[in-house]
Amino acid sequence: VQLQASGGGLVPAGGSLRLSCAASGSILPSNTMGWYRQAPSNEREMVATMHSSGLTNYADSVEGRFIISKDNAQKKVYLQMNGLKSEDTAIYYCNLHHFYGRRVDFWGQGTQVTVSS
């Protein structure tokens with residue numbers, strides 16, 4: 001499985017960005033796609049995920065500001081980020097995971113999001 005992310009950039013506080021991620025390869029029908037982020041000196045953290053069933057999960061810090069959506073047919077996942085804050089500055093990674101006996105994770109290359117205050 002390969003993941004190609006795009007859409008990062010520099011945006012002023014309060015602005016919006018939309019991240020996109022396209023998946024290719026052998027993907028099981030039951031899977032979860034989403035976004036994680038890592039700021040300098042921080043651990044990588046989950047931002048938002050969406051299961052192929054449509055079930056979503058958001059970090060408390062982005063709930064109400066970010067919206068994850070998915071195009072199952074196109075194997076794409078999007079993250080609409082609104083009301084961006086300086087603390088949202090991080091490298092954002094696209095993730096896909098499925099269970100094949102155990103959890104198997106695939107990662108995109110990361111895209112930088114910088115929010116200027």
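The values are calculated or read from the model by the stated rules, or taken from the named source; none is laboratory data. Note that the structure is a prediction, hence the values are computed from the model and not measured. So basically every Cβ, Gly included, is an ideal-geometry build from the backbone, and we count neighbours across all protein chains shown. Protein only, heavy atoms only, side chains kept; ligands, DNA and RNA dropped before computing areas. Shrake-Rupley method; radii C 1.70, N 1.55, O 1.52, S 1.80 Å.
Which one of these does Val62 not meet: (1) open to solvent by less than 10 Å² (accessible area, probe 1.4 Å); (2) closer than 24 Å to Ser30 by Cα; (3) β-branched (Val, Ile, Thr)?
(2)
Could you list all residues from the range 14-30 that are under 20 Å from Val115 (Cβ atoms) and open to solvent by less than 60 Å² (accessible area, probe 1.4 Å)?
Gly14, Gly15, Leu17, Leu19, Ser20, Cys21
Condition first: of a type in the set (Asp, Glu), open to solvent by less than 20 Å² (accessible area, probe 1.4 Å) and within 20 Å of Gly8 (Cβ to Cβ). Can you find one or more residues in the range 36-59 that meet it?
No, the range 36-59 contains no residue that is of a type in the set (Asp, Glu), open to solvent by less than 20 Å² (accessible area, probe 1.4 Å) and within 20 Å of Gly8 (Cβ to Cβ).
What are the residues in the range 91-103 that are loosely packed, with under 11 Cβ neighbours inside 10 Å and either farther than 21 Å from Asn31 by Cβ or small (Gly, Ala, Ser) (or both), if any?
Answer for the range 91-103, where residues must be loosely packed, with under 11 Cβ neighbours inside 10 Å and either farther than 21 Å from Asn31 by Cβ or small (Gly, Ala, Ser) (or both): just Gly101.
Is it the case that Phe106 is in contact with a strand residue (DSSP E or B) (Cβ under 7 Å, 6 or more places away or on another chain), over 23 Å from Gln2 (Cα atoms) and either loosely packed, with under 13 Cβ neighbours inside 10 Å or not aliphatic (A, V, I, L, M) (or both)?
So Phe106 does not fit the description; no.
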